[in-house]
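The values are calculated or read from the model by the stated rules, or taken from the named source; none is laboratory data. None of the values given here were measured: they were computed from a predicted structure. All Cβ positions, even for glycine, are placed from backbone atoms using ideal geometry, and neighbour counts span all protein chains on display.
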Amino acid sequence: MRVNLQPAFVLHQRSYRETSLLIDCLTLEYGRISLVARGIRKPRSRLRALLQPCVPLLISYQDQSELGLLFSAEADGIPIALKGQSLLAAFYLNELLMRVLHKHDPFPGIFAVYRETLQALQQGNLLQKTLRLFEKKVLTELGYGLQLQYDIAEGKGFSVEKVYRFYPEQGFECLKQNDPVSEVFIFSGKSLLAFANDTLENEESLRDAKRLMRLAFAPLIGAKPLQSRKLFIEVDTV
């Protein structure tokens with residue numbers, strides 16, 4: 001099947017044979033796909049500079065099950081210019097999607113939020129908040145959205161004065177006195193409500209949101225750590 005002018009972003013690329021590349025793309029209608037870009041590493045190739053992360057593309061390719069063949073690519077609007085921490089954050093987004101998305105599963109909602117997040121990173125502000133909201137939306141699109149409205153045991157809304165225990169893939173329950181549980185699974189109602197309302201405005205809520213997202217993504221990512229997180233050891237972002 002030939003696909004023409006499909007909106008896409010490059011998530012990852014690696015060398016293939018002498019002059020080609022293997023590229024993984026996030027597409028609007030076909031999800032994550034892998035393609036061979038033949039001859040792209042030749043000195044006179046016009047496409048090599050275009051097939052880079054953060055560049056909105058329109059690609060045409062032959063879909064051949066696991067590994068397709070790229071025919072052409074062109075810019076789909078103005079490239080998204082990122083630098084410094086924002087660029088490192090984009091590498092994290094790409095690696096996260098590479099790990100949690102199966103090939104050929106279309107998620108138009110994830111494509112949209114990915115593009116919006118890159119544009120937000122371009123502004124250079126609210127880096128941690130932008131990443132946490134991206135993660136939350138991706139979980140929702142994948143069908144693993146967090147229940148951030150009420151206690152799963154009592155069905156009551158969260159209280160800013162209480163603390164809650166997180167049960168992965170289930171939800172939150174108000175913490176009882178002397179309940180033996182690791183602190184990593186305990187969250188304040190105040191932080192949970194802030195995350196539910198997308199109002200991560202202080203250090204405590206940002207720290208709690210990051211910790212919660214790591215717990216929620218752990219079953220999807222697996223034991224192998226994300227390499228991009230090592231780039232943020234000093235800045236403590238992802």
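Structure notes:
- Residue 105 being over 30 Å from residue 67 (Cβ atoms) and in a loop (DSSP other than H, G, I, E, B): no
- Restricting region 1-30 to residues that are hydroxyl-bearing (Ser, Thr, Tyr) and in a strand (DSSP E or B), the residue that is farthest from residue 99 (Cα to Cα): 20
- The residue that is farthest from residue 133 (Cα to Cα), among those in region 170-187 that are surrounded by 10 or more Cβ atoms within 10 Å (Cβ to Cβ) and more than 25 Å from the chain's Cα centre (by Cα), is 179.
- Some residue of region 51-66 being in a strand (DSSP E or B), under 16 Å from residue 103 (Cα atoms) and not assigned by TED's automatic domain parsing to the domain that holds residue 116: yes
- Candidates 176, 162: the one that is basic (Lys, Arg) and modelled with pLDDT under 90 is 176.
- Whichever residue in region 216-232 is assigned to a loop (DSSP other than H, G, I, E, B) and touching a helix residue (DSSP H, G or I) at 6+ places or on another chain (Cβ under 9 Å) and, among such residues, is farthest from residue 192 (Cα to Cα): 224
- Extreme residue, farthest from residue 222 (Cα to Cα), among residues of region 67-102 that are in a helix (DSSP H, G or I) and aromatic (Phe, Trp, Tyr): 91
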